[in-house]
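Everything below concerns the one structure shown next.
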Amino acid sequence: MNKCIKLVMIMLCPILLIGCATITTGTTQKIPINSNPGGATVSISTGFTGVTPCIAELKRNADHTVTISKIGYDTLVVVLRKGLCGSTAGNLVLGGVIGLGVDAISGAMYKLEPLAIDAQLNRTIAEPVGVEISAKEVVVK
């Protein structure tokens, strides 16, 4: 009987050392990024670059700054903020303090918000480069 209990305990140890969120959500999160109009350049503080529409896979344990730009349109900056993930609550039931610690260190206990970026880019009002505008004198009587 003792051997059977020891065997079960040895088999359960790896499960107890892995956090619940690490198993269910992972340490990265895929963020879809779209823009209207499409074809905008995406630059993220992690070094990721792409063109909309695209999907960025980002670590959950940090905030990220996303810059979306297109010639002729105002640049849009969105900050993805980390917040607690609901899967972390599973550690209270299954993983305990060890699972919570693993999730905290790996970043799996967080989720990035917003979950997706749908950028509406506005036309730039500035005059195009290289165009001269001459002022006319107006006399009001």
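For segment 98-118, the condition of being modelled with pLDDT of 85 or more and in contact with a His (Cβ under 9 Å, 6 or more places away or on another chain) holds for at least one residue. Of everything listed in (1) at pLDDT 95 or above; (2) in contact with a Ser or Thr (Cβ under 8 Å, 6 or more places away or on another chain); (3) among the β-branched types (Val, Ile, Thr), the single unmet condition for ILE55 is (2).
The values are calculated or read from the model by the stated rules, or taken from the named source; none is laboratory data. Just so we're clear, the structure is a prediction, and the values are computed from it rather than from any experiment. Reconstructed Cβ throughout: ideal geometry from the backbone, glycine too, with neighbour counts over all protein chains shown.
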